[in-house]
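Report on one structure; see the data block that follows.
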Amino acid sequence: MSSGEANGTEGAQGDRAPRALAVPGRPRAHTKGGEVSQVKKFVVHPDYRYADEEGSAHDLALVQLSSEVSKEPAPLASKTPAAGDTVRATGWGYTKATGNDPSQLPVKHREIDLPVLSPDTPKCASNETDGDAWGIREGDFCTDNPDGEAGTCGGDSGAPALTRAAGRWQLAGVTSRSVGDCASTPDIYPSVAEHSDWIREVTG
């Protein structure tokens with residue numbers, strides 16, 4: 001995550017699934033805190049389509065752990081964040097858009113508050129470099145970048161995007177991609193509320 005103080009894990013692509021998952025207990029550094037659990041099952045949304053050169057709608061998956069953990073999960077948001085709302089993006093991703101440079105990975109947990117844009121905002125759909133390859137899709141929402149230099153980045157994929165309701169945080173979406181360069185173009189997230197039927201179907 002670039003700029004701000006931004007928690008998360010790298011999302012799987014295709015059918016590659018992790019064998020173990022770190023479950024944050026609000027860790028402040030990646031070397032301590034939290035819990036580790038084995039992964040029992042990994043379910044990718046059936047309409048997700050992996051491609052090297054473009055983003056896909058429905059870019060989310062569910063992970064079933066092999067054992068219980070002590071932390072309660074955040075409740076799922078019942079509605080998609082609207083234009084003007086604030087989303088707190090979290091992650092362990094790169095702090096600068098310099099490629100996969102390990103020196104740019106954070107030591108401490110980072111988070112940043114980002115304003116939600118209307119889904120029909122042109123810069124949520126495309127940019128000059130990549131066109132609409134990485135733009136907003138069905139079931140997504142989009143956030144802006146404060147001062148054009150802050151937002152999610154590589155390594156933040158799959159990390160939670162949170163909103164606050166009734167005094168507590170709730171899971172509104174997961175980080176998917178940027179429309180163009182990270183931190184300088186809008187960020188895209190599949191909405192939990194838009195995928196709630198599928199989530200209930202899988203989890204029972």
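The values are calculated or read from the model by the stated rules, or taken from the named source; none is laboratory data. Since the model is a prediction, treat every value here as computed from it, not as a measurement. Cβ placement follows ideal geometry from the backbone for every residue including glycine, while neighbour counts extend to all protein chains displayed.
Set side by side, the residues 80, 98, 90 differ, and just one is surrounded by 15 or more Cβ atoms within 10 Å (Cβ to Cβ), assigned to a loop (DSSP other than H, G, I, E, B) and either at pLDDT below 85 or not acidic (Asp, Glu) (or both), which is 80.
Contact annotation: residue pairs with Cβ atoms under 6 Å, 6 or more positions apart or on different chains, pairing a residue in segment 69-87 that is at negative phi with a partner that is among the acidic types (Asp, Glu) and surrounded by 15 or more Cβ atoms within 10 Å (Cβ to Cβ), are 69/35; 80/194; 86/113. Evaluate the following for residue 196: is it surrounded by fewer than 24 Cβ atoms within 10 Å (Cβ to Cβ) and over 27 Å from residue 43 (Cβ atoms)? No: the conditions fail for residue 196.
Conditions tested, residue by residue: (1) in a strand (DSSP E or B); (2) among the charged types (D, E, K, R).
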position: 106; (1), (2): no, no
position: 112; (1), (2): yes, no
position: 115; (1), (2): yes, no
position: 119; (1), (2): no, no
position: 123; (1), (2): no, yes
position: 129; (1), (2): no, no
position: 135; (1), (2): no, no
position: 142; (1), (2): yes, no
position: 147; (1), (2): no, yes
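Just one of the listed residues (128, 68) is assigned by TED's automatic domain parsing to the domain that holds residue 171 and exposed (fewer than 11 other Cβ atoms within 10 Å of the Cβ), namely 128. For segment 175-202, what are the residues that are farther than 17 Å from residue 48 by Cβ and either in a strand (DSSP E or B) or among the β-branched types (Val, Ile, Thr) (or both)? If the condition is that a residue be farther than 17 Å from residue 48 by Cβ and either in a strand (DSSP E or B) or among the β-branched types (Val, Ile, Thr) (or both), then 178, 179, 185, 187 are the ones that fit. Please verify whether segment 40-57 includes one or more residues that are within 18 Å of residue 169 (Cβ to Cβ), surrounded by 13 or more Cβ atoms within 10 Å (Cβ to Cβ) and of a type outside the set (S, T, N, Q). No: zero hits.
Restricting attention to segment 149-174, the residues being buried (at least 24 other Cβ atoms within 10 Å of the Cβ), assigned to a loop (DSSP other than H, G, I, E, B) and on the phi > 0 side of the Ramachandran plot number 0. Within segment 65-119, being farther than 20 Å from residue 185 by Cα and among the polar types (S, T, N, Q) holds for 66, 67, 70, 78, 80, 103.
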